[in-house]
Amino acid sequence: MATFIKRGRTVQELRAEQLDITATVQAMIAEVERRGDEAVRDYALRLDKWSTPSGSFRLDEAQLAEIVASVPEEVKTDIAFAQEQIRRFAGHQREAIRDVEVETLPGVVLGHKNIPVGSVGCYIPGGRYPMVASAHMSILTAKVAGVERVVACTPPIDGELPAATICAMVMAGADEIYILGGVQALAAMAIGTETIQPVDMLVGPGNAYVAEAKRQLFGRVGIDLLAGPTETLVIADETADAEMIATDLLGQGEHGPTSPGALITTSEALAQETLVEIERQLQTLPTADVASVSWRDYGIVIVVKDEAEALVEADKLAYEHVEVLTKDPSYFLKHMRNFGALFLGPETNVAYGDKVIGTNHTLPTKGAARYTGGLWVGKFLKTCTYQRCTPEASAMIGEYAARLCELERFMGHREQALLRVRRFSGQGGAR
């Protein structure tokens, strides 16, 4: 039986907090819908201390060129390397998605086409950290999928333009770039304002407010998934070491004070060593002010008897990132069902996936891994079906369709079918 050595905040506490977030986001979206650009400007000034002389948050071509030129060449080289990895893997994924056309019966042709979404709004988080990599993950992936219009928003950082992030957005191929953060950015892209044309879909990670805004705007626009505060699970046995586990948990905990981190291990000794090691590393970690809070409030340590029980507990958590530090990581690749991304063995880690290796870092959180994977080129494609028939096939199908429509008492539907039977076979009807 699994034993909890450490637990995070209670479900009741988290639900109460979420109610406050929901109400705040709902009010902000309503204000943007009612007052458009004026509301966006007010929120930008109040929440991000940001305004522009022109009142426009879009960066023009001259501004973008100046910002890109200001970025050191080494930074551009590193961005280009990361983007090439994401582009290459996304390209292979796109090639794996095929249009289909098949003759299912003589004269009956069915098919589907994969059509890119027309316009996408990409949110690139900022705030404390310049989230440069999110530009690659959303903008670049949308472009590989074939999206024509990609709008991108990112907030200022401490009242300044995040030059490296903007450079990455330009290099990734964004068509419009706005310096806007949080709920107001998502609402402006989804609803539209006097100066921002609405998009068809919103994508990108963010904090709890961003995730809630996407949830509330879903239906008005499509979304990729609800990617809230990052989650990291390490599954370890006695072959793992506490230093690596602590480093990888705290490395993700620095994202924000609500970022869950968990350890599931078959070794109680390792669990205890990891708790000690986490406290040791927090003494020197530059981002300990954030990571310590996330670990204190959301850290979990579970001791299990064997890999099978570890698998059960891991699937219950359904975390975004799952590192496997065991003798046989392939066991979890083969059997685990609920995860955003797997990192198999000590040679890789979540930071690789977050920044550079090529897989997408926008992944499901809060249990969403039970029913969806992460962002990829397929999220930007609509798989739309079509059909056509020869006259003979239409008459044959119509006989079945008429009877099935009558069974359901859809007499207008029945007549659609019978018209084809009469038109294409000369028969008077079908019973």
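Listed values, structure above:
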read-out: Selection from segment 59-105 of residues that are among the basic types (Lys, Arg) and either in contact with a helix residue (DSSP H, G or I) (Cβ under 6 Å, 6 or more places away or on another chain) or surrounded by 11 or more Cβ atoms within 10 Å (Cβ to Cβ) (or both); value: Lys76, Arg87, Arg88, Arg94
read-out: Residue count for segment 339-355, restricted to those that are open to solvent by less than 30 Å² (accessible area, probe 1.4 Å) and under 17 Å from the mean Cα position of the chain (by Cα); value: 5
read-out: Selection within segment 24-70 - of a type in the set (Lys, Arg) and either under 12 Å from Ala187 (Cα atoms) or in a helix (DSSP H, G or I) (or both); value: Arg34, Arg35, Arg41, Arg46
read-out: Per-region count, segment 6-32, residues at pLDDT 80 or above and of a type in the set (Asp, Glu); value: 2
read-out: Hits in segment 310-334 - residues which are open to solvent by less than 30 Å² (accessible area, probe 1.4 Å) and in contact (Cβ under 8 Å) with a residue 60 or more places away in the chain; value: Ala310, Glu313, Ala314, Tyr319, Glu320, His321, Val322, Glu323, Val324, Leu325, Thr326, Phe332
read-out: Flag if Val210 is open to solvent by less than 20 Å² (accessible area, probe 1.4 Å) and at pLDDT below 95; value: yes
read-out: Ile5 being surrounded by 11 or more Cβ atoms within 10 Å (Cβ to Cβ), in contact (Cβ under 8 Å) with a residue 24 or more places away in the chain and not in a helix (DSSP H, G or I); value: yes
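Yes/no per residue for (1) part of a helix (DSSP H, G or I); (2) touching a helix residue (DSSP H, G or I) at 6+ places or on another chain (Cβ under 6 Å):
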position: Thr239; (1), (2): no, no
position: Met244; (1), (2): yes, no
position: Asp248; (1), (2): yes, no
position: Gln252; (1), (2): yes, yes
position: Pro257; (1), (2): no, yes
position: Glu273; (1), (2): yes, yes
position: Val276; (1), (2): yes, no
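The values are calculated or read from the model by the stated rules, or taken from the named source; none is laboratory data. Just so you know, these numbers come straight off a predicted model, no measurement behind them. No Cβ is skipped: glycine too gets one built from the backbone with ideal geometry, and neighbour counts run over all protein chains shown. The protein model used for the area step is the full one, side chains on, heavy atoms only, and it has no ligands, DNA or RNA in it. Shrake-Rupley method; radii C 1.70, N 1.55, O 1.52, S 1.80 Å.
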